[in-house]
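The values are calculated or read from the model by the stated rules, or taken from the named source; none is laboratory data. Owing to the predicted nature of the structure, the values given are computational and were not obtained by experimental measurement. Here Cβ is always computed from backbone atoms with ideal geometry, including for glycine, and neighbour counts include all displayed protein chains.
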Amino acid sequence: MRVAPLDAHDSMTVYESDLPGVGKKHEIDLGDGTRLVVVTHNTGKREVFRRADADADAEKLFELGDDLARTVGTVLEGAYFQPVRSAGMETVLGGDTLLEWFAVPDGATLADTTLREAGVRERTGASVIAVEHGEEVTGNPHPEDEVHAGDTVVVVGTRQQVDAFEAAFLRADGAAGEGGGADHSADGDATDPDSDADA
Amino acid sequence: MAAENGLLALGVLFGVVAAAGAVGRRTGVPAVPLYVLGGVVVGPYVAGAAGLPYVSDSETVTVLAEVGVVLLLFFLGLEFSLDRLLAARRRLSAAAGVDLLVNFPLGVALGLLFGWGPVGAFLLGGVVYVSSSAVITKSLVDLGWIADPEAEPVLGTLVAEDLVVAVYLALASALVLGGDPASAAVRVGVALAFLVVVAALAQFGARPLARALDGSDEDLVLRTMALALVVAGLALAVGASEGVAGFFVGVGVGATPLHDRVAETLAPVRDAVAAVFFAWVGLRTDPALVVAVAGPLAVAAVVTGPAKVLSGAVGGRLYDLPRRRSLRTGLALVARGEFSLVIAALAAASPDPRVAATLPAFAVGYVLVMALAGTLAMSEAARIERLLGVGAD
């Protein structure tokens with residue numbers, strides 16, 4: 001009955017052991033001392049247990065047939081919905097401020113405009129602090145610098161501001177702000193009730 | 001009067017084991033002893049004695065029961081992996097060694113004490129030694145212990161026992177026929193040589209075997225059955241154990257990539273014929289004989305039950321488990337079942353009347369008691385832990 005760590009990167013360790021005549025057992029360390037125990041029967045049935053601490057008896061949470069287990073596994077894997085935007089990465093700077101990277105898709109409101117024309121800071125409160133164009137990175141871009149589809153923009157702001165930026169400028173269909181409550185026009189006129197005077 | 005019609009006899013027998021299985025599921029009693037009891041009830045000694053139509057251990061039923069033994073051992077071999085055994089050999093061989101060195105000699109000693117002669121004692125050693133994979137695995141799953149650390153020493157010990165049983169059955173089936181030491185030695189030699197050949201083929205012939213067996217599910221079932229039964233039949237013809245031959249065929253198939261498919265497609269066949277085997281054991285059991293060995297039975301239960309708990313607990317400690325988990329390892333290993341009955345069936349062929357008449361009846365009684373005791377020990381584990389002062393807080 002070998003117990004082998006399958007995956008030792010970060011703090012996540014999955015232990016696998018044989019259960020002769022039954023199937024296999026995988027134990028996943030949840031990091032707080034509890035373990036998730038998945039028993040995969042030779043018949044395909046999965047039983048999922050939770051063990052509160054090293055000494056506790058495993059408590060059965062649920063069991064699934066083979067097909068259902070695969071479907072649930074696919075959902076957990078994020079095949080249908082990725083909570084972390086695949087085009088963006090974010091870093092929390094502290095407090096509510098984050099730094100986020102966005103790819104600019106074809107047809108986005110931000111494509112082929114300058115930062116001033118788009119009115120990024122006025123309309124969303126977020127600031128573009130760098131533009132990546134292929135190998136070339138423009139740090140602290142000038143308001144007259146142009147952004148093109150395929151560029152990556154690095155944005156700083158609160159969660160709300162960054163979300164507003166994404167909604168206003170990165171929709172591929174150009175239907176910025178639709179359904180988002182705020183009415184942003186594509187040419188960047190200051191129709192936003194929250195916007196102050198031009199910078 | 002006996003049902004002379006083989007078809008009817010089999011139909012009734014399947015009906016009885018089906019009913020016994022349903023009772024087992026409802027009450028939580030393990031299926032193996034219930035199948036045996038079902039056989040006893042519809043057999044000549046109960047239904048027959050009451051003047052009712054009964055099922056006899058006719059040739060039809062017997063052949064199917066033999067197929068049951070072959071497939072039981074085939075599956076044992078299928079799950080058996082030398083690599084797995086070697087990978088865990090340090091802890092496992094220690095735990096399995098304790099299991100063997102405590103329980104087998106204890107059974108032999110009891111056999112000598114009961115005056116059953118050396119062969120009888122050797123057989124009793126086996127009956128007492130082998131825990132029941134079928135009963136124990138089911139309890140582990142039903143109670144959720146399968147997800148706890150004790151599952152590993154328990155299942156590991158069962159796997160090691162399986163290997164010992166294969167060797168043991170090879171010896172026992174040659175010894176049980178008796179005769180003068182010289183012819184017995186020849187028989188043992190021939191039997192072992194045959195099995196060595198089968199084992200060698202199983203170990204090194206994985207690739208051609210896989211090619212020969214592979215096909216649709218239907219092909220796979222039919223070809224595997226043909227292989228297992230032909231090899232088992234040849235074993236019988238040269239005086240080797242058909243069950244052990246089945247074991248090594250299982251080992252061979254287990255080493256091929258077809259392992260999982262064979263297990264899946266053949267399991268229902270195994271379940272059906274194994275149930276017939278257990279019921280067949282019941283058909284041949286005279287309850288009066290079981291009652292007649294009640295004394296030895298009580299002694300054996302009282303001595304060998306705690307001995308298994310102890311040896312299992314030591315095994316758990318060898319797996320670095322805490323005291324409570326070690327105790328649970330021991331409790332889990334108490335149940336005896338299918339292989340004690342296989343040994344009993346073997347004993348029935350002995351020319352020694354002490355062995356042929358007494359031991360099978362004893363084994364049936366012993367399995368009934370120990371399968372229930374083992375299942376109970378597991379479901380009442382929390383109470384037993386508290387009683388022994390190792391309970392969880």
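B:Ala166 meets each of the listed conditions (1) away from every other protein chain (no Cβ under 14 Å); (2) part of a loop (DSSP other than H, G, I, E, B) apart from (2).
Of the set (1) over 19 Å from B:Val135 (Cα atoms); (2) surrounded by 20 or more Cβ atoms within 10 Å (Cβ to Cβ); (3) aliphatic (A, V, I, L, M), all apply to B:Val281 but (1).
For B:Ser56, the criteria (1) under 20 Å from B:Ala275 (Cα atoms); (2) among the small types (Gly, Ala, Ser); (3) surrounded by 23 or more Cβ atoms within 10 Å (Cβ to Cβ) hold in every case but one, which is (3). Quick one: would you say B:Ala313 is surrounded by fewer than 20 Cβ atoms within 10 Å (Cβ to Cβ), assigned to a helix (DSSP H, G or I) and among the hydrophobic types (A, V, I, L, M, F, W, C)? Taking the combined requirement at face value, the residue does not satisfy it.
Being at pLDDT 90 or above, aromatic (Phe, Trp, Tyr) and under 26 Å from A:Asn42 (Cα atoms) is the requirement here; does B:Phe114 meet it? Criteria not met by B:Phe114.
Of all residues assigned to the stretch B:138-148, at least one qualifies as being part of a loop (DSSP other than H, G, I, E, B), farther than 27 Å from B:Ala288 by Cα, within 12 Å of another protein chain (Cβ to nearest Cβ) and free of Cβ contacts under 8 Å to residues at least 12 places away in the same chain. Just to be sure before I move on: is B:Val167 among the β-branched types (Val, Ile, Thr) and farther than 30 Å from A:Glu47 by Cβ in the structure I sent? Against the criterion (among the β-branched types (Val, Ile, Thr) and farther than 30 Å from A:Glu47 by Cβ), B:Val167 qualifies. A count restricted to the stretch A:12-40 and to residues that are more than 8 Å from chain B (Cβ to nearest Cβ) and either under 30 Å from B:Gly77 (Cα atoms) or touching a helix residue (DSSP H, G or I) at 6+ places or on another chain (Cβ under 6 Å) (or both) stands at 9. Please find, within the stretch B:255-272, the residue that is farthest from the chain's Cα centre (by Cα) out of those that are part of a helix (DSSP H, G or I) and over 17 Å from A:Gly44 (Cα atoms). Restricting to residues being part of a helix (DSSP H, G or I) and over 17 Å from A:Gly44 (Cα atoms), the top hit is B:Val269. Considering the stretch A:27-56, and only residues there that are in a strand (DSSP E or B) and surrounded by fewer than 16 Cβ atoms within 10 Å (Cβ to Cβ), the residue that is modelled with the lowest pLDDT turns out to be A:Asp29.
Within the stretch A:118-145, if we keep just the residues that are surrounded by fewer than 16 Cβ atoms within 10 Å (Cβ to Cβ) and outside any strand (DSSP E or B), the residue that is farthest from the chain's Cα centre (by Cα) turns out to be A:Glu144.
A quick yes/no check of all residues on (1) modelled with pLDDT under 85; (2) touching a Leu at 6+ places or on another chain (Cβ under 9 Å):
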position	(1), (2)
A:Val84	yes, no
A:Leu93	yes, yes
A:Thr114	no, no
A:Glu117	no, no
A:Val137	yes, no
A:Pro141	no, yes
A:Phe169	no, yes
A:Asp173	yes, no
A:Gly180	yes, no
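Here the condition is being among the β-branched types (Val, Ile, Thr) and closer than 19 Å to B:Leu289 by Cβ; of B:Val40, B:Val17, B:Val23, B:Val32, it holds for B:Val40 alone.
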